[in-house]
Structures are given as C-alpha cells and as structure tokens.
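Chemist: I have a structure here, written as structure tokens, and I will follow up with some questions on it.
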Amino acid sequence: MIDKLQDLFISLLSPWIPIMGKISPKVKYRLLTACFIADLVLFCIVRYVLLKESYFYNTVCGIFLMLLIALLSLDRSLQRKPWRRSMCIAWFGMCIVFTLSDLFVSKKACGLGIILALVFTGVFFAWQNHSRKDLLWKAFKDAVKYSFLLMAVISFLFRPYFEGGRYAGIFTNPNTFGLYLYVIFAVYMSDLDWNVETGKKIRKSLPTYLQLALVIFYLLVSQARTAMLAIGAVFILWIGVRIYMGKKQRRYAGFLKGLAVLVLVTAVCYPVYFAGIKNLPKLVDHPIMFEEDVLYLSNGEKIEDIGDKVLAEFDEIESVQVTDHKTESNGIWGRIVRSLDSNATLNKISSGRITIYKAYIQKLNIKGHKRVTMKINNKQVSHAHNNWLQFAYTYGVPSMLFYSVITVLSLIRSILFYMTNRRRNATYAFLIPAICVGFLVATLTECLFLPFEVFPAFAYWFAFGDMFEKTLEEKEVAA
C-alpha cells in the first residue's frame, strides 16, 4: 500500500521536476518562505479581520499552498523512501477512521482524514527526497520569525496595553496568542540548541536571545496558562536533553553559558519591552481595535465593551444540560463523569473545563457528530478544550484510540530523531520534539486539530514528515 502511494506521488510530481529546475534555488527558497507566511496569514488574519466562518476558504487555500510547497521542494528525481510500519499503521488507520466518520455523519469541518492521508504525506515524500532538507526547514522557521517580528512591530505601535488586563498582541484573545507563541518559542529554542551544539559565539547569537526574551515577555503579559505549560514543557525538555548529552559527552560549558545568557537577557529586556507596549501606542496614538476585542482581566473577568464582539452563530448545535447530581451509570464514561462531579474548585480553576469535559463525555459515540461546538447549560462552547475528547466527540471513540497511539509515537520518535540528528540536522533537530511535546501539553486543555484553522495544529501534523522515514543514522544506532 505504501509503495503504491509513493508511486502515485512520483507519477504526479515527477513531470514538474524539469520545470522547478529552471527556477534558481534562491527564488525557490523565497517562494517557499512566502508560502509558509501565507499559511500564517490565513490563520492569523482571515479569522480575526474578516470575521467570518472560514473553514472552506482556509482549507482550499491551505491545500493549494501545500501543493505549492511540494512543487517548490523538488530538486532531483524522486524515489521510494522507507517509512516506519508502526507510524504508517497508526497514521493511515486514524485517517481512515476520520473519513468513515465523515461518511456516516456529515460534517461542516470535514475532510481531515483525506488531507492528512494524501496532502500532508505528499509533502512529506517531496521533502524526504530533497537534497538539503535543512534549507526547507529554514524556510519554515524564517516564515515564523518574519511573521512574529511583523506582529511584534504592529503590537508595539498599534495594540495598546490596558492596566490589569491580559495582553493579546494582534489577536483578540490572549489564550490564542499564547498558543501561537508556543510554536514561535519552539522555533527560537531550536536556534538556541543549534548555537549550543555548534559552539556559536554569544555575540553572533544575540538576536536569538533577544527574540526569545520577547517571546517570554509576551507569554508573561498574556498570562495564558495553557501556553505557559506548553512552553515550560519545551524548556524543560531542552534542559533535559542538554543535560543528558552533556553527561554523555562530558561537556556542559556551552549549555550552561547559553542558559545563563538567556536568563540574563530576558531579565534585562523585560522592563524595556514592557515600557514599549505601555508607551509606544500612546505616542503613535492610532490604536488598532478589532470588533471581536475582549479585555481579559488578570482576575479572570472579561470586559466586552472595548469593541462589539461578533459571534458566529450555528444552527443544529447539540445541547446538553450538565447537572451537579452524580450519575448512576456504571459504564466507563459514567465512572469518569462521576469522578469529576465533585470537583467544583477544580472546575473553577480550569475556567469551567470540568463541566465541558462532562458534557462531551456524555455524548460520545462510535460514529461521531456533525459539529465541533456544543451548547452546555444553554451556553455555547466552541470546542471540548481537549484534543482527545474532541476527536472522540467529532470522529467517534475509535478515532481517539488511533490519535492516542499517534501521540505516543510522536513523542518517542521526535526525541529519537533529535538524539540521532542533532549534529547532521542541527539547524532544526530540536524543533521536531519541541513542537510535539508542546502540542501534547497544550492539547490537554485546548483543542487544536484542524491544520488550516490554527497554526499550532499545522506545525504538529507537519512535523511528522521527519518521523515517518527510517533514517540512516537510526539504522546505525539500532545496529
């Protein structure tokens, strides 16, 4: 099956190789970077500036951009690549379950299984055949950096900070802002790891430290708890692997120096950055406010009269009443709901997520549901605030099982990828496990799964390309 799929990719992409060969590598790199920036524009702008339900628009444009990425990544003849059997079984099994659920239950956000099975794997295959995959990942990383720096300029000049509030940058919600910051943090941490691994001088690495300090600053003023956990997990992972490699190589100096400089630069830059977001928008005196803007206060309250909040209304949304009395069901879901019933304090701390979890658990079935959203106690919630529950609700319980296997494989394989490629692919080796670990932590309390709707989901699914292929280094280690 895998050989036939790869043969299909070869037959579809090979005619484009001579055409792509006429484009200079520099131009292809710039176009590739522009494609990733366009992806970020779709995620960041369409949804919040156009203020419309844009799943179809984003998906069509996203698929088109993925096709461009695949074509721009062609630089030599294509050949079959060895893919991991365990990864293929879990990945394509998950895609089949998603697609079957789409067939049984018509969905507004449909087609995820086909997109992952054909579009993403097609790009994976093209990248695995490229002679300089590090340059392709450089285009991805540069797109994230350019977008972040542009966002920072707009935020510093035009997005005011309100005392006692949580800062959202160019977004309307500080939690969404924080989730994007986790991917940006992963990109810059891979640069920091590259600097440490290759012994790059501090003076030449200063831009990385300054921009990492800016990411940490934005994280702190956004007060996004999920993002703090995700970024904290990525940072702990980096410290852990560097300590492990230091013990193995008996070299700690570079790691400790890099860590100390990061802490120092962050401490020095924080008051400078804070003065910037407080005073620069006042000096410019041309604040940019969105109709969806809501001021999230540090105490958990909201002030919605900064702008007119526009909510997308849906019909046929499933409604659930979650009561406080204990359920009598003895099934597995009943026992889970019963264990959550008495946790009023935890429910408050988690911003009502326990109530949301209970509601979604009550409605799980085999085939899935039409919508992602649900009405709970007459109040509409956008999603389950947990990827496992969301997959089980939208695509049926079997999809959650396949997704769980994929999650475990991504954690194991991404860390192994780093251990075996940190020298050969030092420019992006840490990016793969950083994305996977951060995504796992973030999706414990948030829902991120549609690749052309939210960029963290795109980054996670995209990172699988390097985990599919059996690399020469890993074969040597196994031997």
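Chemist: Ranked highest first by average number of other Cβ atoms within 10 Å, how do 120-126, 67-73 line up?
Modeler: Final packing ranking: 120-126, 67-73.
Chemist: What net charge do the residues around Leu440 carry, taking every other residue with its C-beta under 14 Å from that of Leu440, with Lys and Arg at +1 and Asp and Glu at -1? The partial results should precede the final answer.
Modeler: Numbers: positive: Arg413; negative: Glu446.
Local net charge: 0.
Chemist: By per-residue mean of other Cβ atoms within 10 Å, what is the highest-first order of 426-436, 212-222? Provide the component values of the computation, followed by the final result.
Modeler: Details: 426-436: 25.5, 212-222: 22.0.
Packing order, densest peptide first, comes out as 426-436, 212-222.
Chemist: Under a straight-distance cross-link criterion of Cα-Cα below 25 Å, which lysines are reachable from Lys4, leaving out those fewer than 8 residues away in the same chain?
Modeler: Lys81, Lys133, Lys470, Lys475
Chemist: Here's a follow-up. Rounded, prolate or oblate: pick one for region 154-195, where a ≥ b ≥ c are the square roots of the eigenvalues of its C-alpha gyration tensor, a/c under 1.5 means rounded, and failing that, prolate if a/b is larger than b/c, else oblate. Walk me through the numbers before you get to the answer.
Modeler: Details: a/c = 2.94, a/b = 2.20, b/c = 1.34.
Prolate, since a/c reaches 1.5 and a/b exceeds b/c.
Chemist: Same structure, new question: Just order 91-98, 175-182 by mean Cβ neighbour count inside 10 Å, highest at the front, would you?
Modeler: Details: 91-98: 21.2, 175-182: 25.0.
Put in order of decreasing packing, that is 175-182, 91-98.
Chemist: Once the other residues with Cβ under 9 Å from the Cβ of Ser101 are scored (Lys, Arg +1; Asp, Glu -1), what is the net sum? Don't jump to the answer; show the numbers that get you there.
Modeler: Numbers: positive: Lys107, Lys367; negative: Asp102.
Net local charge, Ser101 excluded: +1.
Chemist: Moving on to the next point. Enumerate the amide H contacts of Val322 below 5 Å, restricted to partners 5 or more residues apart or on another chain; note that Pro and chain-start residues carry no placed amide H.
Modeler: Answer set, sorted by chain and number: Asn377.
Chemist: Let a ≥ b ≥ c be the square roots of the eigenvalues of the Cα gyration tensor of region 58-189; is it rounded (a/c under 1.5), or, if not, prolate (a/b larger than b/c) or oblate?
Modeler: Values: a/c = 2.53, a/b = 1.46, b/c = 1.73.
It is oblate, given that a/c is not under 1.5 and a/b is not larger than b/c.
Chemist: Work the Kirkwood hydrodynamic radius out for region 237-294: mean of 1/r over every pair of different alpha-carbon atoms, inverted, in Å. Walk me through the numbers on the way to the answer.
Modeler: Working: mean 1/r = 0.0669 Å⁻¹.
Its Kirkwood hydrodynamic radius stands at 14.9 Å.
Chemist: Now, a different point. With a 1.4 Å probe and all protein chains kept in place, how do Lys247, Lys141 rank by accessible area, largest first? Don't jump to the answer; show the numbers that get you there.
Modeler: Details: Lys247 140, Lys141 10 Å².
Accessible-area ranking of Lys247, Lys141, largest first: Lys247, Lys141.
Chemist: Rg and Dmax of region 356-440, using alpha carbons, in Å: what are they?
Modeler: Just the Cα atoms of region 356-440 yield Rg and Dmax of 17.0, 55 Å.
The values are calculated or read from the model by the stated rules, or taken from the named source; none is laboratory data. Just so we're clear, the structure is a prediction, and the values are computed from it rather than from any experiment. Cβ: placed from backbone, ideal geometry, glycine included. Neighbour counts: every protein chain shown. Areas reflect the complete protein model, heavy atoms only, side chains present, ligands, DNA and RNA absent. Shrake-Rupley method; radii C 1.70, N 1.55, O 1.52, S 1.80 Å.
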